[in-house]
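The next block holds one structure in the form of structure tokens; read it before the comments.
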Amino acid sequence: MALRTFLIVATLVLFLGGASFFVARFLAIYKVMRQSRPTQRLDHLGERLLSVLTHVFGHRRMLRIRLSGILHYLIFSGFVVLFIDIVETLIEPFGYSIGPILAPIVDAWVILVLVGVVLALYNRLVLRPERFHGSDERDAYLVLALISTIVVGIVIHDSFFPFV
């Protein structure tokens, strides 16, 4: 019981810390946005929603460069799916879970994200496209390492959480 209480308190502390950081960053960005010239964002709502679906979720522009498009799509779609697992992780200590339904989906997408990371490394280390020349590669490798850490962390968490 003490471990459960600790997990609930730790979850709340981490959530409040993350929420505080989010609010602070949001307010800073919002302050800058308020100084910009006003615009109408609710016109052509259907076109705007279709554009979000095709460009963000469909990766329409990114898929023009086949390998980069595929690897970005694998990583991006993985984070959309894995976000659900992260939300579930936050509510699990409170007794809510969709684990039996979510677990096989998360397992599959963890593999897809890692395949995307391997493809990204192959693209950067072996193929070395011209468009990468002159860019700071360290940032890309750091991002790929962080993505790998997140998905491996999800696997470790899902592997050990039933024993807690």
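The values are calculated or read from the model by the stated rules, or taken from the named source; none is laboratory data. What you see is a predicted model; the values in this text were computed from it and never measured. Neighbour counts run over all protein chains shown; Cβ positions are idealised from the backbone, glycine included. Ligands, DNA and RNA are excluded from the accessible area calculation, which covers all protein heavy atoms including side chains. Shrake-Rupley method; radii C 1.70, N 1.55, O 1.52, S 1.80 Å.
Of all residues in the stretch 118-133, at least one satisfies being touching a helix residue (DSSP H, G or I) at 6+ places or on another chain (Cβ under 6 Å) and among the small types (G, A, S).
In the stretch 16-33 there is no residue matching the filter, namely being on the phi < 0 side of the Ramachandran plot and modelled with pLDDT under 85. Restricting attention to the stretch 69-86, the residues being more than 13 Å from the chain's Cα centre (by Cα) and at pLDDT 85 or above number 2. Within the stretch 52-69, residues that are over 19 Å from V117 (Cα atoms) and without any contact (Cβ under 8 Å) to a residue 24 or more places away in the chain have Cβ atoms under 7 Å from residues that are of a type in the set (K, R) and loosely packed, with under 14 Cβ neighbours inside 10 Å in these pairs: T54/R60; H55/R61, counting only partners at least 6 apart in sequence or on another chain. For S77, are the conditions met, namely being touching a residue at least 40 places away in the same chain (Cβ under 8 Å) and more than 15 Å from H157 (Cβ to Cβ)? No: the conditions fail for S77. Only helices (runs of 4 or more DSSP H) whose full extent lies in the stretch 25-143 are considered here, and the ones with at least 1 residues that are closer than 30 Å to T5 by Cβ are 66-91, 99-122.
Which of the residues belonging to the stretch 80-98 are touching a helix residue (DSSP H, G or I) at 6+ places or on another chain (Cβ under 7 Å) and free of Cβ contacts under 8 Å to residues at least 24 places away in the same chain? Once the filter is applied, which keeps residues that are touching a helix residue (DSSP H, G or I) at 6+ places or on another chain (Cβ under 7 Å) and free of Cβ contacts under 8 Å to residues at least 24 places away in the same chain, the stretch 80-98 yields I84, E88, S97, I98.
In contact with a helix residue (DSSP H, G or I) (Cβ under 7 Å, 6 or more places away or on another chain) and modelled with pLDDT of 80 or more, is that true of V52? No: the conditions fail for V52.
Please determine whether any residue of the stretch 3-10 is at pLDDT below 85 and open to solvent by less than 60 Å² (accessible area, probe 1.4 Å). Looking for residues that are at pLDDT below 85 and open to solvent by less than 60 Å² (accessible area, probe 1.4 Å), one finds at least one in the stretch 3-10, hence yes. Across the stretch 136-145, the qualifying residues are those that are modelled with pLDDT of 80 or more and exposed (fewer than 10 other Cβ atoms within 10 Å of the Cβ), and the one among them that is nearest to A108 (Cα to Cα) is D139. Scanning the stretch 123-160 for residues that are touching a residue at least 40 places away in the same chain (Cβ under 8 Å), of a type outside the set (A, V, I, L, M) and touching a Phe, Trp or Tyr at 6+ places or on another chain (Cβ under 9 Å) gives a single hit, N123. In the set S97, S159, S148, only one residue is hydroxyl-bearing (S, T, Y), open to solvent by less than 50 Å² (accessible area, probe 1.4 Å) and closer than 28 Å to F15 by Cα; that residue is S148.
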